[in-house]
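S.K.: This is the structure I want to talk about, given as structure tokens.
The values are calculated or read from the model by the stated rules, or taken from the named source; none is laboratory data. Quantities reported herein were computed from a predicted structural model and do not represent experimental measurements. With ideal geometry, Cβ positions are generated from the backbone for all residues, glycine too; neighbour counts draw on all protein chains shown.
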Amino acid sequence: MNKELIQNLRYKLQKRTRRLNSLDFTVFHYGLKQYWGFLISQPVIESILEELSKKVSSVESEAAKILAREPIVFDTEIDNIAASYFILKSCVASDNKHMEVQVATVYDLGSKPDDELDLFRSLFLEPLYDYIDEQLDDQRAVLAVLKRYKHRSEWFHRNRLFEMWEANTQQGEKTLALDLYEYLFDQGVDFVIEPSSVSGEADFVGSQAGDDRLVADAKIFTMEKGKSYLVNAFHQVYTYTRDYNESFGYLVIFKLCPEDLKFPCTDQEQSVPCITHNGKTIFILVIDIAQHELSASKRGGLKTIEITEAELIRECENPSA
């Protein structure tokens, strides 16, 4: 990720966090709503939060217990951070202007409102802020980088990418994948192309800071390939996440036909379709580089190829021979 962009984003985050922390209990709730609006308006931070919510989604039920006035103490830091995300999200959605103070009283009943608010900050706001800041520092906002590549490709490089594939359709998938790798490299994502794994070869496995690794596959889609090709590709990424013991995988699809691809998911709040199965979350990013002879107003009805969550999970549980 561009270092200047990250530094600028970190400065904005720090400034807004300081401003929020300067508010007393009478107006903190409204400041938190504005703060949250900033977080989700920034593609990089939004992607960090999106991945966090999937990484330990089971914690959401524990966060609900806290909101129901049952004190919960978490054994791991990441569980506490995830609970902080869900609690802050619930507070922002609430019309109760003293929601944050009331949440803190679950752990310390009897203090003054501003003291309770300081406890809320310590328990929930600061852990989430620190997590976001660390993720920015590690340049691990992979989903944001992939979404930026999608927009870049569809807006500015559609013709070039299609012509690259058309020039050699036998090697077209690898050619398009290399364009993606080059972009990721330019954005500061380190990776190894086609490493060996127990189940075969993932297109690339990133060697990120710490123990986390980026697992992804790049595929093309044409009507001739059929949706079974993508179902199998999803299964491959899922298998690679198990091989490398990673929580996330990314399936990047270059769509070369005019027909639309749709992946209806249970969690419709996510900006990128994602499927979670056995603790592994696979994000599915479709990059549309199809060529259209007619303008959008003259094409008529759009044909859609739909691949359901049930179809994808069924392949993971009972892979085709």
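S.K.: Anything in the stretch 1-25 that is touching a residue at least 60 places away in the same chain (Cβ under 8 Å) and among the hydroxyl-bearing types (S, T, Y)? List them, or say none.
M.R.: Result: T17, single match.
S.K.: For the stretch 64-80, name all the residues that are without any contact (Cβ under 8 Å) to a residue 24 or more places away in the chain and either in a loop (DSSP other than H, G, I, E, B) or in contact with a Leu (Cβ under 8 Å, 6 or more places away or on another chain) (or both).
M.R.: A68, I72, V73, F74, D75, T76
S.K.: Select, from Y244, Y183, the only residue that is at pLDDT 90 or above and assigned by TED's automatic domain parsing to the domain that holds E293. Spell out the reasoning first.
M.R.: Values: Y244 fails: at pLDDT 90 or above.
Being at pLDDT 90 or above and assigned by TED's automatic domain parsing to the domain that holds E293 holds for just one of Y244, Y183, which is Y183.
S.K.: Let me ask something else. Would you mind finding the one in T276, T266 that is of a type in the set (S, T, Y), in the same structural domain as A310 (by TED's automatic domain parsing) and assigned to a strand (DSSP E or B)?
M.R.: Details: T266 fails: assigned to a strand (DSSP E or B).
Sole residue among the options that is of a type in the set (S, T, Y), in the same structural domain as A310 (by TED's automatic domain parsing) and assigned to a strand (DSSP E or B): T276.
S.K.: Here is a follow-up. Show the residue pairs meeting these rules: Cβ distance below 9 Å; 6+ apart or different chains; first residue within the stretch 92-120 and touching a residue at least 12 places away in the same chain (Cβ under 8 Å); second residue basic (K, R) and part of a helix (DSSP H, G or I).
M.R.: Every condition considered, the pairs that remain are V92/K33; E100/R121; A104/R121.
S.K.: Another question, then. Condition check: assigned by TED's automatic domain parsing to the domain that holds L9, in contact with a Leu (Cβ under 7 Å, 6 or more places away or on another chain), in a loop (DSSP other than H, G, I, E, B) and more than 29 Å from L143 (Cβ to Cβ). Does D95 satisfy that? Reasoning before the result, please.
M.R.: Details: assigned by TED's automatic domain parsing to the domain that holds L9: yes; in contact with a Leu (Cβ under 7 Å, 6 or more places away or on another chain): no; in a loop (DSSP other than H, G, I, E, B): yes; more than 29 Å from L143 (Cβ to Cβ): yes.
No: the conditions fail for D95.
S.K.: A further question follows. Within the stretch 133-153, identify whether any single residue is in contact with a Pro (Cβ under 7 Å, 6 or more places away or on another chain), among the hydrophobic types (A, V, I, L, M, F, W, C), in a helix (DSSP H, G or I) and on the phi < 0 side of the Ramachandran plot, and answer yes or no.
M.R.: Yes, some residue in the stretch 133-153 is in contact with a Pro (Cβ under 7 Å, 6 or more places away or on another chain), among the hydrophobic types (A, V, I, L, M, F, W, C), in a helix (DSSP H, G or I) and on the phi < 0 side of the Ramachandran plot.
S.K.: In addition: Among V231, V252, which is at pLDDT 90 or above and part of a helix (DSSP H, G or I)? Give the steps one after another, and end with the answer.
M.R.: Details: V252 fails: part of a helix (DSSP H, G or I).
Criteria check complete, one pass: V231.
S.K.: Kindly provide the set of residues from the stretch 49-66 that are out of contact with any helix residue (DSSP H, G or I) (no Cβ under 9 Å at 6 or more places or on another chain) and buried (at least 17 other Cβ atoms within 10 Å of the Cβ), ordered by number.
M.R.: Once the filter is applied, which keeps residues that are out of contact with any helix residue (DSSP H, G or I) (no Cβ under 9 Å at 6 or more places or on another chain) and buried (at least 17 other Cβ atoms within 10 Å of the Cβ), the stretch 49-66 yields only K54.
S.K.: Looking only at the stretch 13-28, decide whether some residue is surrounded by 14 or more Cβ atoms within 10 Å (Cβ to Cβ), at pLDDT below 95, more than 18 Å from M99 (Cβ to Cβ) and over 18 Å from the mean Cα position of the chain (by Cα).
M.R.: No, the stretch 13-28 contains no residue that is surrounded by 14 or more Cβ atoms within 10 Å (Cβ to Cβ), at pLDDT below 95, more than 18 Å from M99 (Cβ to Cβ) and over 18 Å from the mean Cα position of the chain (by Cα).
S.K.: Scan the stretch 38-48 and tell me whether some residue there is acidic (D, E), surrounded by 14 or more Cβ atoms within 10 Å (Cβ to Cβ) and at pLDDT below 95.
M.R.: Yes, that holds for at least one residue.
So that you can scan it fast, the table gives a plain yes or no per residue for (1) aromatic (F, W, Y); (2) under 20 Å from L5 (Cβ atoms); (3) at pLDDT below 90; (4) buried (at least 16 other Cβ atoms within 10 Å of the Cβ):
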| position | (1), (2), (3), (4) |
| --- | --- |
| E126 | no, no, no, no |
| Y131 | yes, yes, no, yes |
| R152 | no, yes, no, no |
| N159 | no, no, no, no |
| N168 | no, no, no, no |
| V192 | no, no, yes, no |
| S196 | no, no, yes, no |
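S.K.: Let me ask something else. Checking Q102 against (1) assigned to a helix (DSSP H, G or I); (2) closer than 21 Å to G37 by Cα: exactly one of these is not met. Which one?
M.R.: Of the numbered conditions (1) assigned to a helix (DSSP H, G or I); (2) closer than 21 Å to G37 by Cα, the odd one out for Q102 is (2).
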